[in-house]
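Heads up, the thing below is written out as structure tokens.
Please treat every number below as a calculation from the coordinates, not as lab data. Computed from a predicted structure; not experimentally measured. Don't worry about glycine lacking a Cβ; one is built from the backbone with ideal geometry, like all the others, and counts go over all protein chains shown.
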Amino acid sequence: MKSAENLDHIRGVIIDMDGTIYIGEQLFPWTMKFLASLEKAGIRRLFLTNNSAKSTVEYASKLRRLGINLKDSEILTAGWATMHYIKSETSYQRIYLVGTPGLRKELEEGGLTVVNGDCAEYEGEKPDAVVLGFDMSITYARIRKAAELIQQGIPYIATHPDQICPTESGNLPDCGSMIELLVPATGRRPLIIGKPNTRMVDAALSRLSTSASQTAVIGDLLPTDMKMAEENGLTGILVMSGETSREDLENSTVIPDLVFENTGELADMLQIRNSEPSS
């Protein structure tokens, strides 16, 4: 049963974006009410997305355009986390990228060198790693070169595992679909950085200055958002405003702690919590 008591311990929230607070370029009508309820409750927030199409700065600009006031540091993307992993845990410098200009910007602003152009096939010196992300202008030449490099044993990293990217006009193949495309030719799977990877949780908790037990993940996906919560000791709050259907939920081995139709319903519960006298 849903109860305001289920939220008493929460001091910070990790909020998914696509399907949770907006779809495409449309902010859900209940999103601002939800964000206001977090502020009133004194709950810290961090927006987190597996979508690597845009850089952190571009996502911050998008949210401001949709009416949300925030600092760039309140956004954590799988693209930034990929750059941070490469810079902090490897010696890789030269990257062959299958991804958007936004992901290229994230990597380059972190001090990495992307060796291939946006469309041209790369024939230069071997890169240190292949990075695969969401790519809306993918070409066969780029995929073919990536497959060749991966088969040669070059380190292979993917920003996130999502197979579908929801948009206002329907679902698009996401990074996870590209991972599956490359498996038969290469026989390899990449190191995946984004949700539900623990690296994303560690980075998020560091920014929120909260512990796992004090933090909730709010999102619309069972295999990423809710799995990340379940595997890392966070409270999982599923909203049904995105990709997950009731059938998906009934058949899932990943069980959220709480389920709401949308963040507006969650806001109503937070308002109940806010109105209850403290003991």
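Things worth noting here:
- Sparsely packed GluC sites (Glu not before Pro) within segment 1-52, loop by DSSP, other Cβ within 10 Å at most 11: Glu25
- For segment 7-13, 3J(HN,Hα) per residue [Karplus equation, 6.51 cos²θ - 1.76 cosθ + 1.60, θ = phi - 60°, Hz, x = Gly/Pro]: 10, 4, 7, 7, 10, x, 10
- Neighbour-count order for Thr253, Thr100, Thr186, Thr82, fewest beta carbons within 10 angstrom listed first: Thr253, Thr186, Thr100, Thr82
- Under a 5 Å amide H cut-off, with hydrogens placed 1.01 Å from N, Arg44 pairs with Gly12, Val13 among residues at least 5 apart or on other chains.
- If R0 is 35 Å, the Cβ-Cβ spacing of Glu109 and Gln152 corresponds to a FRET efficiency of close to 0.80.
- If both residues of a DSSP beta bridge must be in the chain, then about 15% of such bridges are antiparallel.
- Whole-Å semi-axes of the ellipsoid equivalent to segment 84-192 (Cα gyration tensor, √5λ, descending): 20, 16, 14
- Per-residue Cβ neighbour rank within 10 angstrom, fewest leading, Val131, Val254, Val57, Val98: Val57, Val254, Val98, Val131
- Between amide H atoms placed 1.01 Å from N, distances below 5 Å from Leu76 occur with Phe47, Leu48, Thr49, all of them 5 or more places distant or on a separate chain.
- Taking N as its residue count, the alpha carbon Rg of segment 161-279 over 2.2 N^0.38 Å: 1.23
- Gyration tensor verdict on segment 55-137 (Cα atoms; rounded if a/c is under 1.5, prolate if a/b is larger than b/c, oblate otherwise): oblate
- For Ile164, distant residues with modelled amide H under 5 Å away: Asp174
- In this structure, Arg188 and Arg65 have a Cβ-Cβ separation that, at R0 = 51 Å, corresponds to a calculated FRET efficiency of about 0.85.
- Measuring between alpha carbons in the structure, the pairs from Lys54/Lys105; Lys40/Lys227; Lys71/Lys227 lying more than 18 angstrom apart are Lys40/Lys227; Lys71/Lys227.
- Rg in Å to one decimal, and Dmax rounded to a whole Å, for segment 1-106 via C-alpha atoms: 16.1, 52
- One way to sum up the overall shape of the chain is the equivalent ellipsoid from its Cα gyration tensor, whose semi-axes run 35, 18, 17 Å, largest first.
- The Cα center of segment 139-182 and the Cα center of segment 5-47 differ in position by 30 Å.
- Antiparallel content of DSSP bridges confined to segment 84-192, in %, to 5: 25 percent
- The fewest-to-most ranking of Leu182, Leu191 by surrounding Cβ atoms within 10 Å reads Leu191, Leu182.
- Neighbour-limited loop hits for GluC sites (Glu not before Pro), segment 144-216 (at most 12 other Cβ within 10 Å; DSSP other than H, G, I, E, B): Glu168
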